[in-house]
Amino acid sequence: MDCGRRLADFCNRALSQAASFSFLSHSLGARLVLEAIKHLDRPARNVALTAAAIKRDCLSGEYASAFSNAETISVLASRGDKVLKLAFPVGDSFASLFGNDRSQPQVALGYEGPQQAIGATKPPWQIPDTAKYDHGDYLPPSNVTLTAAQAQSRKWEKPAAFMRRAFRGERQDWP
C-alpha cells in the first residue's frame, strides 16, 4: 500500500506532463495499482488487472475510490489458477487476523472476477474453465530457453492480446 502511494506521488510529481496513465498488474500488483490510482490527482485512462490477488469485492469495497478514479478497468480471471484457489484464501484469512480487515474471507478477484459489471469494468473477464489458465500463464516465460511445453503452449498470447485491446479501448473478443 505504501508503494502504491509512492507510485502515485511519483506520477503526480514527475509525470505531471504525461497525457494519461494506464496500468497493468498481475497478482499482488493489483493492490499496488489500485492504491496508486486511488491517490492520483487525475483519473487513470485504462487499468488491466490480471490474476488479481485481492478480494473479489475490492472494486465496490476497499478500492471503490480507486475504481471511480479510472476511466475503464479490465479484469482477467481464471478458476484454473491454483495459486488464487489454494494460497489466496489462506493468506486472506491470516491478513484478516492480523490486520484491520475483519470482513469474511472471499475468493480472489483474479479467480472469479467481479460478481457483476460495476461502473466502467469491461466484461468479459472470466477465462473458460476448459482453457485451464494457471497463475503463470498470463505472461510470457522469463527464461530465455523455453521448455518444449512452454514453446508449444504460448498461452500468454491470448492474455497479451486482451491487455493490448484493454489499453486501446477496443472491444474484448476473448475470453
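Values as computed for the structure displayed
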{"read-out": "Label-to-label distance, nm, for residues given as A161 and D173 (7 Å Cα→Cβ offset)", "value": "0.7 nm"}
{"read-out": "Whole-percent pair-distance distribution, where bins are 5 Å wide, for the alpha carbons of the chain", "value": "1, 9, 17, 20, 19, 16, 10, 5, 2, 0"}
{"read-out": "The chain: Lys pairs at Cα distance under 17 angstrom, eight or more positions apart or on different chains", "value": "9"}
{"read-out": "Potential lengthening between A64 and R5 on full extension [0.36 nm per residue; Cα-Cα distance subtracted]", "value": "19.7 nm"}
{"read-out": "In sequence order, calculated HN-Hα J values of region 167-173 (Karplus, 6.51, -1.76, 1.60; Hz; x Gly/Pro)", "value": "6, 8, x, 8, 5, 7, 10"}
{"read-out": "Mean Cα-pair separation over length for the chain, i.e. relative contact order, pairs under 8 Å, 6 or more apart, %", "value": "21 percent"}
{"read-out": "Carbon plus sulfur fraction of accessible area for the chain, probe 1.4 Å, in percent", "value": "55 percent"}
{"read-out": "Calculated from backbone phi, Karplus (6.51, -1.76, 1.60) coupling profile of region 80-93 in Hz, x at Gly/Pro", "value": "x, 7, 5, 4, 6, 6, 9, 7, 4, x, 5, x, 5, 5"}
{"read-out": "Where the chain is the region considered: accessible area per residue in Å², 1.4 Å probe", "value": "54 Å²"}
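The values are calculated or read from the model by the stated rules, or taken from the named source; none is laboratory data. Since the structure is predicted, the reported quantities are computational estimates derived from the model, not experimental observations. FYI the Cβ positions are ideal-geometry reconstructions off the backbone, even for glycines, and counts take in every protein chain you see. Surface accessibility is based on the protein's heavy atoms, side chains included, excluding ligands, DNA and RNA. Shrake-Rupley method; radii C 1.70, N 1.55, O 1.52, S 1.80 Å.
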